[in-house]
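The values are calculated or read from the model by the stated rules, or taken from the named source; none is laboratory data. Model, not experiment: these values are computed from the prediction. All Cβ positions, glycine included, derive from the backbone under ideal geometry; neighbour counts span all protein chains shown.
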Amino acid sequence: MSAISSERECKPSARQAMLVFGAGVSAALHIWKLPPALPVLQETLGLTLSQAGWLISVFQVAGMLMGLAFGLFVQRIGQKRSILFGLIILSLASFAGAFSQSVIALLLFRIIEGFALLMVSMAAPSLMRQVAPKERLNFFVALWSAYIPTATVIALFVGAAMLNVFSWVSLWVGTGLISLLMALLVWRSVTDTEHPAATRPVSGEAWQSIKETLAVKEPWLVAICFSLYTGQWVAIISFLPIIYHEAGISGPLMGTFTAVAAGVNIIGNLMAGRLLQRGVAARSLLMVAFSTMIVTAFIAFGLNVSSGVQFVAITLFSAVGGLAPATLFNLAVKVSVSPRTIPITIGWQQHWISFGQFAGPIIVAFVVDYTHGWQWVWVLTSAWGALGIVLALVLCRAIAHKPA
């Protein structure tokens, strides 16, 4: 009886895959709980704009510095344990941050949250591939790539609504409770079939895994392509409130426009999974994604269009651009040198994703300040998109010629 029960628990299921996705969303909520709370924090803690920038970017700094190292950490302790540890640490740091009386203390706990988020985001893609039904694997890989925009929409809508009634402390406590609940659900209901003891490398083997991964060009190409996508997407979405405010759109309408523009990214993510499942080439999806982002960015910023047309262009920028992350997440596993090095490949990818999220807004802000307007932003994003197209072509050609 116990053997049958154990076999049933280890069987891949959509429920387990959805719980892994839920764990990622609950972790990403800790990133996006901050933006709707910034005005309140400015009043209660005397938060300056510069300090607000550091509170936002610190998550990306963690990924830039430790992405590869956390890939090794996941490889050592196992995917499920890494997710559980990450969610629990996120909860504790969020609870502690809720009672911070200074910006420095809040920054410290945000740094801890940033590292804890890596523990979840490094482990989840590999665990997702273990627990998802094989016939729906592409769908769930695509679904995972939508965990950040999903969290963004939830945080912008629910967070803003909560702050109309409660203080920012309730938002920190609420996200902590959600992560704690997800940790409990993952612990009870998700089975990690790959035992860490079987894959735990000694120090020499760990460095060998890194050398194997970085010695081939495919992981580099996937990671840099992802960076080129995420740099422009995060920059545009992050600055939308300012863009709409300058256009005379404010209040609830501004928040709704921003949430919609971020949320439609999920459509592209899920569509990519469906198309990959039907055999559409990854090369085609990446071409469509980057090309559309080039054209829509030009319409939104290069032409003197109305706010309505600009909103439609940015919405298409986000929605069709969403084909890229799902496709690149799928390719990241395929280009790994071996199953043993998958966490290393994902860690390297996370390093470049974080770099894009960190550098993109800074570079866009510099261009806007230097040119005194948004009219030349499209040149920058188009350059990123064009380079993404070139690298995607090289990547897909390399995969096509890779021995089976």
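Can you tell me which residue among Arg129, Arg81 is in contact with an Asp or Glu (Cβ under 9 Å, 6 or more places away or on another chain) and either of a type in the set (S, T, N, Q) or part of a helix (DSSP H, G or I) (or both)?
Working: Arg129 fails: in contact with an Asp or Glu (Cβ under 9 Å, 6 or more places away or on another chain).
After applying the criteria, what remains is Arg81.
Go through (1) assigned to a helix (DSSP H, G or I); (2) more than 23 Å from Ala326 (Cα to Cα) and name the single condition Val234 misses.
Only one criterion in (1) assigned to a helix (DSSP H, G or I); (2) more than 23 Å from Ala326 (Cα to Cα) is unmet by Val234, namely (2).
Can you name the residue in the range 357-379 that is among the polar types (S, T, N, Q) and in a helix (DSSP H, G or I) and, of all such residues, is surrounded by the fewest Cβ atoms within 10 Å (Cβ to Cβ)?
The initial filter retains those residues of the range 357-379 that are among the polar types (S, T, N, Q), namely 357, 371, 375.
Still in the running and in a helix (DSSP H, G or I): 357, 371.
Values: Gln357: 25, Thr371: 12.
Among those residues, the one meeting the criterion is Thr371.
Here is a yes/no grid of residues against (1) modelled with pLDDT under 85; (2) of a type in the set (Val, Ile, Thr):
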position	(1), (2)
Gln310	no, no
Leu323	no, no
Leu328	no, no
Ile344	yes, yes
Ile353	no, yes
Gly356	no, no
Gly360	yes, no
Tyr370	yes, no
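For the range 153-169, name all the residues that are in contact (Cβ under 8 Å) with a residue 40 or more places away in the chain and in contact with a Leu (Cβ under 9 Å, 6 or more places away or on another chain). Outline the logic, then answer.
Of all residues in the range 153-169, those in contact (Cβ under 8 Å) with a residue 40 or more places away in the chain come to 153-157, 159-160, 163, 167-169.
Matches in the range 153-169: Ile154, Ala155, Gly159, Leu163, Trp168.
Find all pairs meeting these conditions: Cβ atoms under 9 angstrom apart; at least six residues apart or on different chains; first residue within the range 227-250 and at positive phi; second residue of a type in the set (S, T, N, Q) and part of a helix (DSSP H, G or I).
What qualifies is Gly248/Ser307.
Return the only residue of Ser354, Ser382 being of a type outside the set (A, V, I, L, M, F, W, C), in a helix (DSSP H, G or I) and buried (at least 22 other Cβ atoms within 10 Å of the Cβ). It would help to see each step written out before you state the result.
Numbers: Ser382 fails: buried (at least 22 other Cβ atoms within 10 Å of the Cβ).
One residue alone meets the criteria, Ser354.
Only one of these is in contact (Cβ under 8 Å) with a residue 24 or more places away in the chain and out of contact with any Phe, Trp or Tyr (no Cβ under 8 Å at 6 or more places or on another chain): Ile77, Ile112, Ile88, Ile104. Name it.
Details: Ile77 fails: out of contact with any Phe, Trp or Tyr (no Cβ under 8 Å at 6 or more places or on another chain); Ile112 fails: in contact (Cβ under 8 Å) with a residue 24 or more places away in the chain; Ile104 fails: in contact (Cβ under 8 Å) with a residue 24 or more places away in the chain.
Sole residue among the options that is in contact (Cβ under 8 Å) with a residue 24 or more places away in the chain and out of contact with any Phe, Trp or Tyr (no Cβ under 8 Å at 6 or more places or on another chain): Ile88.
Criterion first (modelled with pLDDT of 90 or more and out of contact with any Ser or Thr (no Cβ under 6 Å at 6 or more places or on another chain)) does Thr258 satisfy it?
Details: modelled with pLDDT of 90 or more: no; out of contact with any Ser or Thr (no Cβ under 6 Å at 6 or more places or on another chain): yes.
No.
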